[in-house]
Amino acid sequence: SSLESAEHSMEPPAVPEEEMPLTTASDPEGCQLFGYVGIEAVLDQMKIKTMKTGFEFNIMVVGQSGLGKSTMVNTLFKSKVSRKASQPGQEERIPKTVQLQSVTHVIEEKGVKMKLTVTDTPGFGDQINNENCWDPIIKYINEQYEKYLREEILITRKRKIPDTRVHGCVYFIPPTGHWLRPLDLEFMRRLSKIVNVVPVIAKADTLTLEERAEFKQRVRASPRGAPGVPRVPSQPQLKARTPQIQEDLKTHAISVYPQEDFDQDPDDRALNDRIREEIPFAVVGADQEHQVNGKRVLGRKTKWGIIEVENPAHCEFPLLRDLLIRSHLQDLKDITHNVHYESYRVRRLNESNQ
């Protein structure tokens, strides 16, 4: 009892005030030793760690030559990410076969780094005989899955496996008719099983006289031709063409991104339903700025006026940009890893076991 009373009577020595650990408001977020403790602090930790490691995003563009694939990618990321180092010769502009070309850039914005890889497919669909012209593209996508699988099954593997898998494939539909060509249907049918396919109508600002006449008839009968919309020739005509393409996709059982089977959250389903109503997007790419109402806007100048690329009333490029970057970039990567890559991994492991 005497020892206990002695222990209770002992008090810790006084510490000078200047030696007491204090936190100040000037400390950077995430570096404070003593601060607010809450579960939401995990989000700050994940944000700091992710900003240090960066992101990886791989996109593929497929379509005929002259549909503006490079211009569209440059407009999408507001930088010349798909420009080649040297201009090819006249005889090399249209290759005899589909030769895939990948260009990798590191884009940094507000401290966030993203390693962007753009894979172009020049010469796809340009030949007279396009039989099996999609084989090099399918082979390239499967090779990236195989490369990731070989790194994953190693006994001693890297902490972060380099990800070269294609997360999204933007397919450019030529604006020459009111239906999808057999080549377009067969390509999207085959690739929708191994990669996320996003179809777009390229060069939505082009029209012939015959299409213009049909466009006027469709506008009169279509409720989409509402007053107050600027008279950009491509927008209402392509809006009227969209239901026909959607019907072709459903008839041929082509599942484009975002797929209905992967909608689990009700909010995500409601958002994806609105996106699916607008697919395929009628897009316009441009790399030049023009003066409109005292502002510099990105667009294309025609005899009807200036088609503003970032104006939703003129084209659907903002919808495509929001889908690929703002709202569904991480979802594209998750579906690639959890669905497409997983299917490839199961098939390859079954083949090796047999």
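Some observations on this one:
- Multiplying the residue separation of SER352 and ASP265 by 0.36 nm and removing their Cα-Cα distance gives an extension gain of 27.7 nm.
- Over 18 Å [Cα-Cα, the range 97-188], rounded percent: 60
- Heavy atoms of ASP287: accessible area, 1.4 Å probe, square angstrom to 10: 90
- With DNA, RNA and ligands ignored, accessible area of TRP134 (1.4 Å probe; Å², nearest 10): 20
- Taking a ≥ b ≥ c as the square roots of the eigenvalues of the Cα gyration tensor, the range 119-160 is prolate, since a/c reaches 1.5 or more and a/b is larger than b/c.
- In order through the range 68-77: 3J(HN,Hα) via Karplus (6.51 cos²θ - 1.76 cosθ + 1.60), integer Hz, x for Gly, Pro: x, 5, 5, 5, 5, 5, 5, 5, 5, 9
- Close amide H contacts of PHE55 (hydrogens built in the peptide plane, cut-off under 5 Å, sequence separation of 5 or more or a different chain): LYS113, MET114, LYS115.
- In the range 251-354, the C-alpha radius of gyration followed by the widest Cα-Cα span (Dmax) gives 19.3, 68 angstrom.
- With 18 Å as the limit on Cα-Cα distance, the pairs of LYS69/LYS147; LYS49/LYS147; LYS113/LYS160 that go past it are LYS69/LYS147; LYS49/LYS147.
The values are calculated or read from the model by the stated rules, or taken from the named source; none is laboratory data. From a predicted model like this one, the values you see are computed outputs, not experimental measurements. Surface areas here come from the heavy atoms of the whole protein model, side chains and all, with no ligands, DNA or RNA. Shrake-Rupley method; radii C 1.70, N 1.55, O 1.52, S 1.80 Å.
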